[in-house]
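Just so it is clear, none of the values below were taken in a lab; they were calculated from the coordinates. Since the structure is predicted, the reported quantities are computational estimates derived from the model, not experimental observations. All Cβ positions, even for glycine, are placed from backbone atoms using ideal geometry, and neighbour counts span all protein chains on display.
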Amino acid sequence: MRNRKPRIPLRLHQYERSSSGSKNVAMKSAREDEPAIDLVSAVEQFHKLSCSDLSQLIRDSGNGPIRYVKRNGSLFEVATFYNLHSLNHIYIESLARNLPSYLILKLLLFKRDEQHLKYLLSGVRLLHGLHDIAYCHSKLRQLLFDDSSSSECVLDFIFSIVVFLSNFKQKLNPPSNNEVLYHSTLLASTLYLFKACISSQWHDITSVLLAHPKVDVFTGVVFPSVRVVINFLQVKLSAQHTDTYNADEVYSFCMHCEASLQFLHSLCQLKLFRECIVKNKDLRKEGGVLWLVQDIMKLPQCKDSHLMVVVSRLKSKILSIMLQLCEVESISFLDLAASTTEGLDLAKSTMSEVLELLNIMFCGGVNGVSAYNPRGILQLNAMRLVEIVSDDSNFRSYIVSNFTEVLTRVFLVPHEEFLCSWCSSDSRAAEGDITLNYDSYSASGQVLGVRSMHTSHASKPVFITNSPASQTSYPFAHQKTSLLVKIVANLTCFVPDLCKEEKSLFLNKFFQCLQKERSNLPDGVAHGGGAKTAAANLNSLLVHAGSLTISRYLNEDDVKRLRLFVMQLEELIRRQESNIHQVKEVHNRRIPQRSTRDGCKRNKGRGVDESESERDATNIEIIGSYLSNLQLKNRTNNVEEESFRSLQLKKRKRNIMNDVQISMIENALCDEPNMQRRTASVQLWADKLSRHGSEITYSQLKNWLNNRKAKVARAAAKNTTTPVDVDGGSVTDHVSDSPESQSPGADEPSSYEGDPQPQTQQKDVTGGSCFRVQNGQHVVLFDGKGEEIGKGIIHLAKGIWFDTNLQKSGLCVVDVTYLKVDENTRLPHPCHATGNSYADAQMTFGRKRILWHSTKLLVIHHLHN
């Protein structure tokens, strides 16, 4: 790729004027003091030159015109003594000044065929070349970058050609291969003219666009124009099993499509441009963004591995764009999409494509195999989008109806396989997306088949180079698991006053899918094993989710909702098994016992009728028991109902700061405890924190500070001997960093069970003071005689662990790190998860994870107090 000098950003005040002046510029032909020029020949001849050749011609001509010979069907020739009879000449400044307005005029009189598309692409390539060499020639630089009228004319040309290309689909019926290729290259090269004439920095490009009076026109047509080339790509990929299919040609076409989409993706990285897109009424009315997302997600899988990688990148980038639009704070993209019936239907059909993609990734799709990168950014983007949409009341019921079956199959895989997939501690980072460096001058030259004036054969430039794949800083396994937990938590959430019909909707649907999937399981597993497998997998996920709250991948609300879902599902499974057992007993009692063969023969005919009637009666009783079970599912005890209701009424909290940001602001508060009263300090720290994670606005940080101060005050008003939380965290550890969590009800602790919350303060075994059991504490283990058994780390201090209520039983889950006794020694509190010995626990969990009574533990740091 050519080395480009950094562009000097255009001044914004140049674009704050009316666009009428630029139209007048576009209609000019040439200045009065300049001779007439043949622009048709200039475009045809000069676009064939390389940047170095064109720059050399300008240097050789000095301040005079470039003299050349026009040759039909051959390359450009410089005028010499022997061909002066056919001499042509042109001033390069005149060419640069009039080329944009000339191309706009050609666009107005344009015939939409292959030849004219090729001519327009040649003009755009020449514009790129002139801007590339401008920094080597002072007059050309002054004209292209300092003359506001010339700059405005270039922008008008870009806007005009994008509008033209957005309506091009209707005129191509059917398009030839060259027409499609010229179209895709013309769109990408035109969009990248912004980088050539404004700046190489996306922030500068966005600033100029937002200041331009035609920005709404541009944002309204740029998504439909990219959609046109995506539709062409769909046609090409659908023919991959035919004889006319050319993989190299399709690959080149895909690269131009990706370059255009990447241009949009780069602009959408900036907050102000995202808001401009969401607020565009015309774009919203036409559904331009959602249609583009849907068409890209419909691109089929490719048998060619290189094409499959490109298609995956296209899907990943468009999902990233939609995620960025959903995160706009000033106005809700999803609410606007659901404001009309047509928009809601379009959004749902778009999400159906995303759900189908996850179905392929989770379950292998129709062929049982997923061709997508197992650790790629595409899967994470798809899960993030489902997590956001499932938290929206407009779409939650749709996600429940269309995604629960996929989730059921995820939890029905064998337990060991589930642990490897969803409860892994693999620290490898997710593979990031690839950024393409699009060299539009070389790319258009390759499509046009130009030859250098110093070579006799066509060269094939490398117009796109792949930068190294970036990797995210967070482990892929943790990101994937946390998103799964959040999706389940969102689907269990409902607001009683707004959507009463969604209460237990996901629970009942999951249970129905569980029964349906039993018929697809192998013999021996279908008879009750499927439900038990799902319950075991959910419990393992619950335990693993608890560990993710420590590293802030998940918050406590998500884990509580998951725990409540697991409890309710296990209750349904238990009741179903009990009903089936009762029906079997009734059935066995009603089967008559015939002792003699003769009696059976005499009553053969009657016995058949009686057996059939007994079978019918049994079936009726099974159906009756099942209906009774459905009624029992909707009944819960009052305490559980009230706790569930209070949990659902709490507004969903989203962590707006990571660990680094929270640590920074906590340290700052030590020096400036009343920061929320100083506007300048809040703004300063909001900017500082934004450089170390997600963007933090002034209002978000101020709300966070106010919430923290209120919680500290409430904690100080209480008895200081009462622990704030059973995990033993400080008050600031539990201050919500959500700007929306200001209601008093959201600050009060709620119980997910009907049990009282005992204080987990235990008497020290040495007879010292009381201490609180906390996750992550290093402890010494003692047996019933007071003898030391070993040392370990507390893994879980409260909650339910494999059907064991830790708070009621006074037990903790401990990972033993040092053991003094034999591994085959019987455990003091064995269970079906840990087995009967330390060796059994080692085989099950890969570590000695066991249950231990909290009164038989001694916190190591107490020994040094």
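Take the residue pairs Lys271/Lys317; Lys195/Lys236; Lys791/Lys856; Lys271/Lys688; Lys315/Lys348 and return only those whose Cα atoms are more than 19 Å apart. Please list the in-between numbers first.
Numbers: Lys271/Lys317 17 Å; Lys195/Lys236 30 Å; Lys791/Lys856 12 Å; Lys271/Lys688 17 Å; Lys315/Lys348 17 Å.
Over 19 Å Cα-Cα: Lys195/Lys236.
Of the peptides 788-796, 96-104, 251-259, the order by per-residue mean of other Cβ atoms within 10 Å, starting with the highest, comes out as 96-104, 251-259, 788-796.
Spin-label pair Thr844-Glu666: with each label point 7 Å from Cα along the Cα-Cβ axis, the two points sit 3.4 nm from one another. Between Lys584 and Val235, the C-beta separation translates, for a Förster distance of 60 Å, into a calculated FRET efficiency of about 0.55.
Stretched out fully, how many nm does the piece from Glu417 to Lys516 gain, at 0.36 nm a residue minus the Cα gap? Don't skip to the end; give the middle numbers.
Working: separation 99, 0.36 × 99 = 35.64 nm, distance 2.12 nm.
The span from Glu417 to Lys516 would gain 33.5 nm if fully extended.
Measuring max minus min along each principal axis, the C-alpha atoms of the stretch 189-256 give extents of 50, 23, 14 Å (largest first). FRET efficiency for the Tyr698 to Asn246 pair, using the beta carbon distance and R₀ = 45 Å, is estimated at 0.25.
Derived scalar couplings between HN and Hα for the stretch 251-266 equal 5, 4, 5, 4, 5, 5, 4, 5, 4, 5, 5, 5, 4, 5, 4, 5 Hz in order, rounded to whole Hz, by the Karplus curve 6.51 cos²θ - 1.76 cosθ + 1.60 (θ = phi - 60°), x for Gly and Pro. Label positions at Phe802 and Lys532, each projected 7 Å from the Cα along the C-beta direction, are separated by 1.4 nm.
Rank by packing, highest mean first: peptides 214-223, 117-126, with packing defined as the count of other Cβ atoms within 10 Å averaged across residues. Please list the in-between numbers first.
Values: 214-223: 20.1, 117-126: 23.4.
Answer by packing, highest mean first, reads 117-126, 214-223.
Note on Lys303/Gln115: beta-carbon distance plugged into 1/(1 + (r/R0)^6) with R0 of 41 Å gives a FRET efficiency of 0.75. Here the residues Arg552, Arg677, Arg284, ranked from fewest to most Cβ neighbours within 10 Å of their Cβ, fall in the order Arg677, Arg552, Arg284.
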